[in-house]
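Novice: My questions will all concern the structure given below.
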Amino acid sequence: MELVLIRHGVTAWNQQRRFQGQIDTPLSDEGHQQAMLTARHLSALSEEQPIQAIYASDLKRAWSTAEPIARLLGLPILKQSLLRERHYGVFEGKTHDELQHEGLQSDYQRWRNREPDFALPQGGESLRDFFERARRALLTIVAAHQQNERIVAVTHGGFLDCAYRIASGVDMSEARQHPLHNASLNRIAWDGERFSMIDWGRIDHLDSIESRRD
């Protein structure tokens, strides 16, 4: 089974380096363009090997990214709240720079150090809890489908980080070396027992947007 994991299109808060977490932020105009280009690419990809289902986080930035994919493929979007971004607690709504000046430097450093059991203040998830939620989400999706199917899931950057580590065996506490691009295509496989990596961080389908920036 192949899972095509997609990070939502870009938002204004992404561009401001502001923690979104589970705050329900919308796509920017560029994010909507990324979503449409992703949908067209997946529609062409589905002609070679059909996509059987589309899942999405229930946060609007992921849902809005999934909508043009669903329209072009003629499939419903299956809501899966386990695909949500990590809950960042007190960090949500703040930029990385702001956290350095609001008495949260220690918490911010612990987050940067990837301490597995550090629960972010004001109801945030620990890295370990988030990692296990991501694993549960992936297992829930594959359990609902046949072994030879191709499934799309639209999710968030933090979730993709967990999925990469689950598929590649990189420990949750190790520093991140892999990309988490907006509207990227990230493909992992499920053989009935374990996940493995197929391809990661592809954004060549967004080249028309990149060329307009140059």
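Novice: Enumerate the amide H contacts of G124 below 5 Å, restricted to partners 5 or more residues apart or on another chain; note that Pro and chain-start residues carry no placed amide H.
Specialist: Sorted by chain and number, the residues that satisfy this are G89, V90.
Novice: Further, regarding this structure: Counting other Cβ atoms within 10 Å of each Cβ, which GluC sites (Glu not before Pro) in the range 170-213 have at most 16 and sit in a DSSP loop? Could you put the intermediate results ahead of the total?
Specialist: Values: sites: E174, E193, E210; in loops: E174, E193.
Loop-located and lightly packed - E174, E193.
Novice: Please compute the per residue accessible area over the range 1-146 with all protein chains in place, 1.4 Å probe, rounded to a whole number of Å². Mind showing how you got there, number by number?
Specialist: Values: 6730 Å² over 146 residues.
So the range 1-146 comes to 46 Å² accessible per residue, rounded to a whole number.
Novice: In addition: Could you tell me the center-to-center distance, by alpha carbons, between the range 1-22 and the range 75-91 in angstrom?
Specialist: Each part's Cα centre sits 11 Å from the other's.
Novice: For the range 1-60, what does the alpha-carbon gyration tensor say about shape, rounded, prolate or oblate, given a ≥ b ≥ c as the root eigenvalues, a/c under 1.5 as rounded, and a/b over b/c as prolate?
Specialist: On the way: a/c = 3.04, a/b = 1.86, b/c = 1.64.
Prolate, because a/c is 1.5 or more and a/b exceeds b/c.
Novice: Also: Would you mind calculating the gained length between I198 and E2 on full extension (0.36 nm times residue separation, minus the Cα-Cα distance), in nm to one decimal?
Specialist: 69.7 nm
Novice: Taking θ as phi - 60°, what are the ³J(HN,Hα) couplings along the range 162-175 by the Karplus curve (6.51, -1.76, 1.60), each to the nearest whole Hz, with x for Gly and Pro?
Specialist: Ordered by residue, 3J(HN,Hα) equals 5, 4, 4, 5, 4, 7, 9, x, 6, 5, 4, 8, 6, 4 Hz.
Novice: Normalised by the empirical 2.2 N^0.38 Å for globular proteins, what value does the Cα Rg of the range 102-181 take? Walk me through the numbers before you get to the answer.
Specialist: Values: Rg = 14.6 Å, N = 80, 2.2 N^0.38 = 11.6 Å.
Cα-based Rg divided by the globular estimate yields 1.26.
Novice: Using a cut-off of 14 Å between beta-carbons, work out the net charge of the residues near G93 (Lys and Arg +1, Asp and Glu -1, G93 not included).
Specialist: Local net charge: -3.
Novice: Please list the radius of gyration and Dmax for the range 49-111, considering alpha-carbon atoms only, with Å as the unit.
Specialist: 17.3, 52
Novice: Ignoring ligands, DNA and RNA, what percent of the 1.4 Å accessible area of the range 1-136 is carbon and sulfur?
Specialist: Details: 2790 of 6280 Å².
Of all accessible area on the range 1-136, carbon and sulfur atoms account for 44 percent.
Novice: Quick one: 3J(HN,Hα) in Hz for the range 15-32, Karplus 6.51/-1.76/1.60 with θ = phi - 60°, rounded, Gly and Pro as x.
Specialist: 5, 8, 6, 9, 5, 9, x, 9, 5, 8, 8, x, 5, 7, 4, 5, x, 5
Novice: Find, among the trypsin sites (Lys or Arg not before Pro) in the range 112-214, those assigned to loop by DSSP (not H, G, I, E, B) with at most 12 other beta-carbon atoms within 10 angstrom.
Specialist: Details: sites: R112, R114, R128, R133, R135, R136, R150, R165, R176, R187, R194, R202, R212, R213; in loops: R114, R176, R194.
Filter output for the range 112-214: R176, R194.
Novice: If you don't mind, there's one more thing I want to ask. Would you calculate a helix-derived [θ] at 222 nm for the chain, using -39,500 (n - 2.57) for each DSSP H run of n ≥ 4 and dividing by the full residue count, to the nearest 500? Mind dumping the intermediate values first?
Specialist: Numbers: 8 runs with 86 residues, N = 214.
Helix contribution divided over all residues of the chain: -12000 deg cm²/dmol.
Novice: Measuring from label point to label point, each 7 Å out along Cα→Cβ, what is the L139 to D58 span in nm?
Specialist: Taking the two extended label points, one gets 2.2 nm.
Novice: Could you give the spread of the C-alpha atoms of the range 24-143 along their three principal axes, from largest to smallest, in whole angstroms?
Specialist: Principal axes ranked by extent give 52, 35, 20 Å for the Cα atoms.
The values are calculated or read from the model by the stated rules, or taken from the named source; none is laboratory data. Quantities reported herein were computed from a predicted structural model and do not represent experimental measurements. Glycine also receives a Cβ, built like all others from the backbone with ideal geometry; neighbour counts cover every protein chain displayed. Accessible surface areas use protein heavy atoms only, side chains included; no ligands, DNA or RNA. Shrake-Rupley method; radii C 1.70, N 1.55, O 1.52, S 1.80 Å.
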